[in-house]
Amino acid sequence: MNEPSVAVVTGANRGLGFEVCRQLKAAGIDVVLTARDDAKGRAAALELGVRFHRLDVTRQDSVDALADWLALEFGHLDILVNNAGIMPDGGLMLRRMKMTMINEVLATNTTAPIRVTQTLMPLLLRSRLPRVVNISSALGQMARMGAGTPAYRISKAALNAATAVFAAEMAGTPVKINACCPGWVASDMGGAEAPKTLRQGAETAVWLATLPANGPTGGFFRDRARIDW
Ligand SMILES: NC(=O)c1ccc[n+]([C@@H]2O[C@H](COP(=O)([O-])OP(=O)(O)OC[C@H]3O[C@@H](n4cnc5c(N)ncnc54)[C@H](OP(=O)(O)O)[C@@H]3O)[C@@H](O)[C@H]2O)c1
């Protein structure tokens, strides 16, 4: 019998990350729920019956500490879901936006998933079926770029670009890396009026996290279907 796969999910103390952990656990995967806040993360992990490790995705020392712990605990990593994200710029316009806000959004939504993927890649390369899922957004689609939440849109467009670059670099290895849009989902970020439940929103990410060897890589997906970048 194969050993259960090991998955790390970032920003998982609530919202989509929490639900991705729940669904991965239900699929028999050994889940490491991570969060920047120790108390919130521990409480969430306890609720799901999964492991917890603290992780602030914007801090390299925090990502390094997670990598060291994973190496000791499991010796490899099968699934990384880069979920942590912020959207503080609702109602703002790029032409008046403070650089500190742009930098904060890019640091969390773009640089951090690149950092976490880079740092955990040696552990992923020790897996038979390594999978990376970047939780992006249709608001980052270049094909439909527009105004509103400008730093968030730019950060997700750049995350999509990073997804394609990583996939091209990893061609010829078993690593599959894809981006997905969960749709508009009821969470703290999405608000209560959102039409999709957390369960529905997490579904495509979980599918991408558990792709078979002949599954796609370097794509952008919503509801399990490829969408335009
Ligand atoms: N909801 C939607 O409609 C929707 C649509 C498209 C894409 N998305 C994407 O889906 C992902 C999850 O969103 P959500 O709706 O679940 O939002 P959410 O409820 O606001 O959750 C965001 C999570 O990210 C965590 N986080 C933020 N900065 C972090 C950092 N530096 N280190 C570690 N964790 C950090 C938050 O932790 P704290 O509790 O500590 O703040 C929280 O757990 C995001 O990438 C978002 O852009 C959401």
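Quick rundown of the values:
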{"item": "Pick from the range 165-189, criterion small (Gly, Ala, Ser) and more than 22 Å from Asn103 (Cα to Cα), ranking: nearest to the ligand (Cβ to nearest atom)", "result": "Ser187"}
{"item": "Cβ-Cβ under 8 Å pairs, at least 6 apart or on other chains, the range 180-199 side closer than 15 Å to Ser136 by Cβ, far side of a type in the set (A, V, I, L, M) and more than 8 Å from the ligand (Cβ to nearest atom)", "result": "Cys180/Val133; Cys180/Ala205; Cys180/Leu208; Cys181/Ile227; Pro182/Ala202; Pro182/Ala205"}
{"item": "Every residue from the range 100-138 that is closer than 20 Å to Val185 by Cα, aliphatic (A, V, I, L, M) and either in contact (Cβ under 8 Å) with a residue 60 or more places away in the chain or surrounded by fewer than 17 Cβ atoms within 10 Å (Cβ to Cβ) (or both)", "result": "Val133, Ile135, Ala138"}
{"item": "Whichever residue in the range 44-67 is within 11 Å of the ligand (Cβ to nearest atom) and without any contact (Cβ under 8 Å) to a residue 40 or more places away in the chain and, among such residues, is nearest to the chain's Cα centre (by Cα)", "result": "Asp56"}
{"item": "Test: Val8 is closer than 25 Å to Gly190 by Cα and more than 13 Å from the ligand (Cβ to nearest atom)", "result": "no"}
{"item": "Qualifying positions in the range 161-208 - farther than 13 Å from Arg222 by Cα, in contact with a helix residue (DSSP H, G or I) (Cβ under 6 Å, 6 or more places away or on another chain) and of a type in the set (S, T, N, Q)", "result": "Ser187"}
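Only the coordinates and a few stated rules stand behind these numbers; no lab work does. Since this is a predicted model, take the numbers as computed values, not measurements. Please note: Cβ atoms are built from the backbone with ideal geometry, for glycine as well, and neighbour counts cover all protein chains shown.
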